[in-house]
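Undergrad: Let me begin by handing over the structure; questions about it come next.
The values are calculated or read from the model by the stated rules, or taken from the named source; none is laboratory data. Computed from a predicted structure; not experimentally measured. Cβ atoms come from the backbone with ideal geometry, glycine included; neighbour counts cover every protein chain shown. Side chains are part of the model used for accessible areas, which takes the heavy atoms of the whole protein and leaves out ligands, DNA and RNA. Shrake-Rupley method; radii C 1.70, N 1.55, O 1.52, S 1.80 Å.
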There are 2 protein chains.
Amino acid sequence: MSLPGRTSPVPAVRRKNSVTSRIILTTYPGQSGIDPLPMNWGEKDPAKRGPVVVSRQQSTIRRRNAIGAHGGSYAIYHALAVASKNLDIDHKPDFTNTEPAVSIGPCPSWFDKKKIVAMDPLGHLAPWLFASTIKSQDVEIRPTIAITKAHMKIPELEASVKAGRLVSDGKICLNNTGELAVTKFAVEPVWYLPGVAERFNIEESVLRRSLFENTGGSYPELITRNDIKLFLPPIGGLTVYCFGDPAKMSDPSVRLALRVHDECNGSDVFGTDICTCRPYLIFGIEEAVKEAQAGGSGLVIYFRKEGRALGEVTKYLVYNARKRGPDRASEYFQRTENIAGVKDSRFQALMPDVLHWLGVTKIDRMLSMSNMKYDAIVEQGIEIRERVPIPDELIPEDSRVEIDAKIHAGYFTTGKAMSLLELSEVQGRPWEDVDH
Amino acid sequence: MSLPGRTSPVPAVRRKNSVTSRIILTTYPGQSGIDPLPMNWGEKDPAKRGPVVVSRQQSTIRRRNAIGAHGGSYAIYHALAVASKNLDIDHKPDFTNTEPAVSIGPCPSWFDKKKIVAMDPLGHLAPWLFASTIKSQDVEIRPTIAITKAHMKIPELEASVKAGRLVSDGKICLNNTGELAVTKFAVEPVWYLPGVAERFNIEESVLRRSLFENTGGSYPELITRNDIKLFLPPIGGLTVYCFGDPAKMSDPSVRLALRVHDECNGSDVFGTDICTCRPYLIFGIEEAVKEAQAGGSGLVIYFRKEGRALGEVTKYLVYNARKRGPDRASEYFQRTENIAGVKDSRFQALMPDVLHWLGVTKIDRMLSMSNMKYDAIVEQGIEIRERVPIPDELIPEDSRVEIDAKIHAGYFTTGKAMSLLELSEVQGRPWEDVDH
């Protein structure tokens, strides 16, 4: 393996055997062989805006106008597939029949570079909008958004139908098992770095440096390629579940219900009773369906931000500290901060982009109590007309600690926020067999 | 911002203000100021093995013996927290009371560097095992595994109790709502690169290069620091759900039931009917609980490998191609390969490590039909005594396409594998309103 002490020009000629050629540790603007496709974020004419190009295929590497890789964190598995010769790196994707299942937009926000900074508004159309570029310039352009349709069946919603809370209409709620028809949008992150920096009120250079250094020194091009403004970070994206006619999401004359949900695998899938995540999610789906059935639109958006975007290991460490605690609502946030150095890493600043993209201009019913989510959405100029807390009867007993601590810290409630003294009296179930 | 044309020595002196100091694009072995803590993977004596050190805190950066960052893909959020001044980079974590909720091991496999290559067998004990190193050398050492206990409640299991399939015993199944007591292990990936390369039958240098280049040029130290053998990749990890006494997992005299489950958010959380993921998962939990109730051990292990580790965007593109298809079982795998260049990126080669770590030496009931999972486990010397397919009545109608295609391709079945002709007749539900 040849190890250049410094960077070398990117070969303009297509290399046949990448395994024996030199490794390029980073690139610099203006370097011989570097010729990025133009990228004018926010530009209305797709031809002037340009496609997001991040692939390192031999014919594309010189033309990249984005740092990172497709697939978010799954780029690592892509690398394993190439390394183990299960995937030909020069495979040309065949996108026949993969076009979006419904059409959406364009909305004015698509062409406002302040409104959408964390996803590519053309991401669902990329291979088709830029078909001629793919053909004439032999570059790889992949979608970063996909839109499909599905049926879904959730046991709690079967119970809702039985209890008469949800009524089947044969179109949105298909039958008495509570089966739903849904349109789903999967979105991978595409960050326009100047816009992301602005949302966090920091300099672009500070953002770039932190993204490089505080991930352990990844993507040196964040530092060396100031000419490249896009970054596809190795994180999970989001999924939109839309109930009812997707055209209604952007129609200001009909009502819209929305749940913005951050992933919590332990509750969403496995039903732990220490938090309200799945109950609130299911409530959000039910309310979204009802709004759609009443002639409006219902949305649930699922963000991959496990454990407040600190991950499950940190989450479990916090659980242990709480349960050996005692587990008091008054100490709830401090437990996370002691371990992680921060209460919450979810940073809702980028979250509203998807609402802009969907054309949402106001929310009639926001199925969330989070002040962070509320503030982020309202700051983006999207009105929230009503906030709907999780109904008390859906709150598992052991999760009172979390919900009361959150209400004390600013979460919306129609009930009463507790004093610090009252908060110290809200205590969770101790472990059955823990020695205190 | 100073941009060194080539790499500079790492300052040995603690820098007070990292924002104004020079940016180090990559490091080299033997470079002035570089002094990694020893890491002897597989060594039995923890003092000789050494801690995993990956933090870039000022006092730790010179001592790193691992590439990457803590938290898997959540390192990006960590970087945002630092950039936006929500997190002091020199925060010292306080791990008081976060110790594992149950003790586990040590097992002989912990000290076999061929058996565990994708996680740190000491990851749950790191801050305590290496407390004196943390103190005397002022380095940051974090856990990469956390172990907690919880109660969980899944609506389908309430139905199981009602139907008499599951009986509450007050200890594992706590009551008639089907509430379960569980011990949970969250594990972040720590890759020992020579061992990972061996599992894939490739050279370490090929692995390193592909992990660098085919993720879009991340982590140049994969190339420049051959002396560092560990990599904490920016991907999701896994979670073990253990029912019954955790000590029984490694006891060869009692029975063990196991479900190895790869994430499928659309089914696991949202109940799509196009696949069998959630039904098989719930069946796995129920069977695991029963095995534990009968005096054995029951395990469900959840891997973050959404959409065959290709992610949800690719998954939805495939769904669209199938539904516009027609959706025939005979063309099922080809649809993914057309788009992604590979049928499946999950690569089960690293999956069995967690079984070695838990001390599992044989599996009495494997609740999976996957030949890839079966082969990977058996290749690691762990016997599988019985394979249990998902019961027919749990298979959603529209997911026959998937399950029949998989059985044809080698998935285990107690039923019959179809011929290609029969397979072409298994067809999924078309979209109601699609123009063919």
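Undergrad: Going by amide H atoms built from the backbone, whose H comes under 5 Å of the H on A:ASP327, apart from near neighbours?
TA: Answer set, sorted by chain and number: A:GLY428.
Undergrad: At each listed q (0.15, 0.16, 0.21, 0.26 Å⁻¹), what is the log10 of I(q)/I(0) that the Debye formula gives for the range B:195-238 modelled as equal alpha-carbon point scatterers?
TA: Values, matching the q order: -0.36, -0.41, -0.72, -1.05.
Undergrad: Measuring nothing but label to label, 7 Å from Cα along Cα→Cβ, what are B:PRO252's distances to the other copies in nm, shortest first?
TA: Values, ascending and in nm: 7.3.
Undergrad: How large is the convex hull of the C-alpha atoms of the range A:37-119 per residue, in Å³?
TA: 135 Å³
Undergrad: Is the shape of the range B:146-232 rounded, prolate or oblate, going by the alpha carbon gyration tensor and its root eigenvalues a ≥ b ≥ c, with a/c under 1.5 for rounded and a/b larger than b/c for prolate?
TA: Since a/c reaches 1.5 and a/b is larger than b/c, the shape of the range B:146-232 is classed as prolate.
Undergrad: Sticking with this one: How would the range B:325-367 be classified by its alpha-carbon gyration tensor: rounded, prolate or oblate, with rounded meaning a/c under 1.5 and the a/b versus b/c comparison settling the rest?
TA: Taking the square roots of the gyration eigenvalues as a ≥ b ≥ c, the range B:325-367 is oblate.
Undergrad: Next question, about the same structure. Assuming a viscosity of 1.306 mPa s and a temperature of 10 °C, what translational diffusion coefficient in µm² per second does Stokes-Einstein assign to the range A:337-436, Rh being the Kirkwood radius over Cα pairs?
TA: In µm²/s, the coefficient rounds to 100.
Undergrad: Take B:ALA131 and B:LYS171, extend 7 Å from each Cα along the Cα→Cβ direction, and tell me the distance between the two endpoints in nm.
TA: Spacing of the two 7 Å Cα→Cβ label points: 3.2 nm.
Undergrad: A further question on this structure: Once you have the Cα-Cα distance between A:ALA159 and A:ASP227, take 0.36 nm times their residue separation minus that, and quote the gain in nm to one decimal.
TA: Result for the pair: 19.0 nm of gain on full extension.
Undergrad: Apply the a/c threshold of 1.5 to the C-alpha gyration tensor of the range B:56-101 and tell me whether it is rounded, prolate or oblate.
TA: rounded
Undergrad: Cα extents of chain B along the three principal axes, largest first, in whole Å?
TA: Cα spread of chain B along its principal axes, largest to smallest: 68, 54, 40 Å.
Undergrad: Next question. Which distance in nm do the two modelled labels at A:ARG400 and B:LYS44 give, with both placed 7 Å along the Cα-to-Cβ direction?
TA: 5.2 nm
Undergrad: So, one more: Please work out the ratio of the alpha-carbon Rg of the range B:91-148 to 2.2 N^0.38 Å and round it to two decimals. Walk me through the intermediate numbers first.
TA: On the way: Rg = 12.5 Å, N = 58, 2.2 N^0.38 = 10.3 Å.
Here the Cα radius of gyration is 1.21 times the empirical estimate.
Undergrad: Additional query: Mind listing the long-range amide H neighbours of B:ILE24? Cut-off is under 5 Å, sequence gap 5 or more, other chains count too, H placed in the peptide plane at 1.01 Å from N.
TA: none
Undergrad: ³J(HN,Hα) across the range B:244-258 via Karplus (A = 6.51, B = -1.76, C = 1.60, θ = phi - 60°), whole Hz, x for Gly/Pro?
TA: Calculated HN-Hα couplings, in order: x, 5, x, 4, 7, 4, 9, 8, x, 8, 10, 6, 9, 10, 9 Hz.
Undergrad: Please compute one quarter of the surface area of the Cα convex hull for the range B:262-315 and express it in square nanometres.
TA: Average of the hull's projected areas for the range B:262-315 equals 3.7 nm².
Undergrad: For peptide A:49-56, what's the mean number of Cβ atoms from other chains within 10 Å of each residue's Cβ?
TA: Values: counts 0, 0, 0, 0, 0, 1, 2, 5.
For peptide A:49-56, the averaged partner shielding equals 1.
Undergrad: May I ask you to work out the translational diffusion coefficient for the range A:273-429 at 37 °C, viscosity 0.692 mPa s, via Stokes-Einstein with Rh from the Kirkwood sum over Cα pairs, reported in whole µm²/s?
TA: 196 µm²/s
Undergrad: What gaps in nm, shortest first, separate B:ASP138 from its twins in the other copies when you place the label 7 Å past Cα toward the beta carbon?
TA: B:ASP138 label point versus its equivalents elsewhere: 5.6 nm.
Undergrad: Sticking with this structure for a sec: Taking the full set of protein chains and a 1.4 angstrom probe, give the accessible area of B:ASP35 in square angstrom, rounded to the nearest 10.
TA: Its heavy atoms expose roughly 70 Å² to the probe.
Undergrad: Continuing with this model, one more query. Mind jotting down the distance between the C-alpha centroids of the range B:79-126 and the range A:274-328, whole Å?
TA: That distance is 25 Å.
Undergrad: For A:LEU232, enumerate residues with amide H under 5 Å from its amide H, sequence gap 5+ or separate chain, H modeled in the peptide plane.
TA: For A:LEU232, the qualifying residues are A:ILE67, A:GLY68, A:ALA69, A:TRP191.
Undergrad: At q = 0.16, 0.17, 0.19 Å⁻¹, what log₁₀ I(q)/I(0) does a Debye calculation on the Cα points of the range B:239-358 give, no solvent, two decimals?
TA: Debye curve over Cα of the range B:239-358, log10 I(q)/I(0) at q = 0.16, 0.17, 0.19 Å⁻¹: -0.82, -0.88, -1.01.
Undergrad: From the gyration tensor of the Cα coordinates in the range B:223-291, what semi-axes in whole Å does the equivalent ellipsoid have, largest first, with each one equal to sqrt(5λ)?
TA: 30, 23, 8
Undergrad: Follow-up question, since we're still on this one. A:THR414 label points, 7 Å along Cα→Cβ, one per copy: pairwise distances from this copy to the rest in nm, shortest first?
TA: Inter-copy label distances (nm, one decimal, shortest first): 5.1.
Undergrad: So for chain B, taking the charge dipole from beta-carbon charges (+1 Lys/Arg, -1 Asp/Glu), which of B:PRO430, B:ALA101, B:SER218 sits furthest toward the positive end?
TA: B:SER218
Undergrad: For the protein assembly as shown, compute Rg over Rh where Rg is the Cα radius of gyration and Rh is the Kirkwood radius from the inverse mean 1/r over Cα pairs. Working shown, then result.
TA: Values: Rg = 25.8 Å, Rh = 27.7 Å.
That ratio is 0.93, to two decimals.
Undergrad: So, one more: Averaged over all directions, how much area does the convex hull of the C-alpha atoms of the range A:101-204 cover when projected, in nm²? Mind dumping the intermediate values first?
TA: Working: hull surface 40.3 nm².
Mean projected area for the range A:101-204: 10.1 nm², to one decimal.
Undergrad: Gaussian network model of chain B, Cα springs within a sub-10 Å range: biggest mean-square fluctuation belongs to which of B:ARG209, B:ARG387, B:ARG259?
TA: Top of the fluctuation ranking is B:ARG209.
Undergrad: Please give the calculated 222 nm ellipticity per residue for the protein assembly as shown, where each DSSP H segment of at least 4 residues contributes -39500 (n - 2.57) and the sum is spread over every residue; nearest 500 deg cm²/dmol?
TA: So the helix-based figure for the protein assembly as shown works out to -7500 deg cm²/dmol.
Undergrad: Could you tell me which helices of chain B pass both thresholds, a Cα extent of 20 Å or more along their own axis and a mean Kyte-Doolittle hydropathy of at least -1.0, with helices taken as whole DSSP H runs? Don't skip to the end; give the middle numbers.
TA: Numbers: long enough: B:277-293 (24 Å, 0.01).
For chain B, where a helix must reach 20 Å along its axis and average at least -1.0, the hits are B:277-293.
Undergrad: Restricting the count to DSSP beta bridges whose residues both fall in the protein assembly as shown, what percent are antiparallel, rounded to a multiple of 5? Working shown, then result.
TA: On the way: 48 of 78 bridges.
The answer is about 60 percent antiparallel.
Undergrad: Go through the range A:39-48 residue by residue and turn each phi into a ³J(HN,Hα) via Karplus (6.51, -1.76, 1.60, θ = phi - 60°); whole Hz please, and just put x for glycine and proline.
TA: 9, 10, 3, x, 4, 6, 6, x, 5, 7
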